[in-house]
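A short worksheet on the structure shown next.
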């Protein structure tokens, strides 16, 4: 089965069944030679995900359309029932709202990277100065927040740290348009792009000038920042520019509950997904230790989503996992297999907690597992391959796992973070390069 956003995700569920929707970012892949021409998902030991697939409806999903290598933002919109061709206005607003910046009509926003620029040539040497930027990113964002633009003093700028190497940037003021290009060259070792208007309006031309100056002012602040002087002295690439990309404004859509008849919540520490959910009127959940990167507490995520559904106020709970996508971008075959196995352990905990709630009469539940796009380790970027989709009644998943007794005995403790460098790789990896 191949589904698209226009067909929707349909299965015969009782009206009162509450849905735990697990989205594994970047789950799809292609055949990998070092895995004997299998995908990481085929190699990974995933008994719980296999049980969900065996217990109900399963197949393949093209989130937006067949053959499209989509981004997480457009894919999530489509999966949640909103045609991105109609509603998408750029990813910047999602990232910035998720990072905690309030947006009003007329504001524009960017999903932005801390990057490394060669000032002499204007070439972006590294689009991600450092993916592990959780300690330094907030400090650099504090230095940029509230900066003034000499030629445009009426415009205000807000900057907040998001996740890993990213930040949200919002510009406020009269006469702004989101119909402009960004500065991101999209590949390492290419020149920083000039901002240009994408239509003939006066607003777009004005905004291009504002953002071009913003880019320059940010570079000047970062070049002089002590953090970058220290990084250079340590032989590390400086975070001396901010790549401004995905210019967008806040979308105006029918709320999720009005569209689907279910009150929804979302646990998504990744700021762009959190901001997207906020734009749809989806309540935001938090969980201790949930970070949206490799360090995330998967067990805490499972517990928070199970508690939200069992509490009775939500009919739909969306759980986003980012780390699998990061392994694809990092081209780490071993780590992708390991994180898929860690996600499987999280899914087992989610099933066990929901099964206990169902046995206690706190509701009936269903489980859906899918992805937003493929991130093959051999490419290091999003690709067009479809992603798995599985949807089943919880009780059928429990039966596939060996029955209530087996599920009740599940370990609900912390799920270790995969450490492939310290582990003995299985036979599939033996004697092969990373």
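A compact table of results
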| item | result |
| --- | --- |
| Looking only at the stretch 86-105, and only at residues there that are out of contact with any helix residue (DSSP H, G or I) (no Cβ under 8 Å at 6 or more places or on another chain) and crowded, with 16+ Cβ neighbours inside 10 Å, the one that is farthest from residue 249 (Cα to Cα) | 101 |
| Filter pass, residue 177 being within 26 Å of the chain's Cα centre (by Cα), farther than 30 Å from residue 291 by Cβ and modelled with pLDDT of 95 or more | yes |
| Boolean, residue 337 is in the same structural domain as residue 260 (by TED's automatic domain parsing), in contact with a strand residue (DSSP E or B) (Cβ under 8 Å, 6 or more places away or on another chain) and modelled with pLDDT of 95 or more | no |
| Within the stretch 186-291, helices (runs of 4 or more DSSP H) holding 1 or more residues that are under 30 Å from residue 415 (Cα atoms) | 271-279 |
| Residue satisfying all of: in the stretch 255-283; touching a helix residue (DSSP H, G or I) at 6+ places or on another chain (Cβ under 6 Å) and more than 18 Å from residue 161 (Cα to Cα); surrounded by the most Cβ atoms within 10 Å (Cβ to Cβ) among these | 266 |
| Qualifying residue in the stretch 12-19 (condition: assigned by TED's automatic domain parsing to the domain that holds residue 265, modelled with pLDDT of 95 or more and touching a helix residue (DSSP H, G or I) at 6+ places or on another chain (Cβ under 6 Å)) | yes |
| Test: residue 268 is assigned by TED's automatic domain parsing to the domain that holds residue 21 and under 23 Å from the mean Cα position of the chain (by Cα) | yes |
| Criterion: touching a helix residue (DSSP H, G or I) at 6+ places or on another chain (Cβ under 9 Å) and either surrounded by fewer than 19 Cβ atoms within 10 Å (Cβ to Cβ) or in the same structural domain as residue 272 (by TED's automatic domain parsing) (or both) - qualifying residue of 252, 239 | 252 |
| Whichever residue in the stretch 357-383 is more than 18 Å from residue 70 (Cα to Cα) and under 18 Å from the mean Cα position of the chain (by Cα) and, among such residues, is surrounded by the most Cβ atoms within 10 Å (Cβ to Cβ) | 369 |
| Within the stretch 15-34, tally of residues that are buried (at least 21 other Cβ atoms within 10 Å of the Cβ) and more than 18 Å from the chain's Cα centre (by Cα) | 3 |
| All positions within the stretch 161-178 that are in contact with a helix residue (DSSP H, G or I) (Cβ under 6 Å, 6 or more places away or on another chain) and buried (at least 20 other Cβ atoms within 10 Å of the Cβ) | 161, 162, 163, 167, 168, 170, 176, 177 |
| The stretch 37-70, subset touching a helix residue (DSSP H, G or I) at 6+ places or on another chain (Cβ under 7 Å) and in a loop (DSSP other than H, G, I, E, B), residue surrounded by the fewest Cβ atoms within 10 Å (Cβ to Cβ) | 45 |
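The values are calculated or read from the model by the stated rules, or taken from the named source; none is laboratory data. Since the structure is predicted, the reported quantities are computational estimates derived from the model, not experimental observations. Note that we place each Cβ from the backbone using ideal geometry, even for glycine, and neighbour counts take in every protein chain shown.
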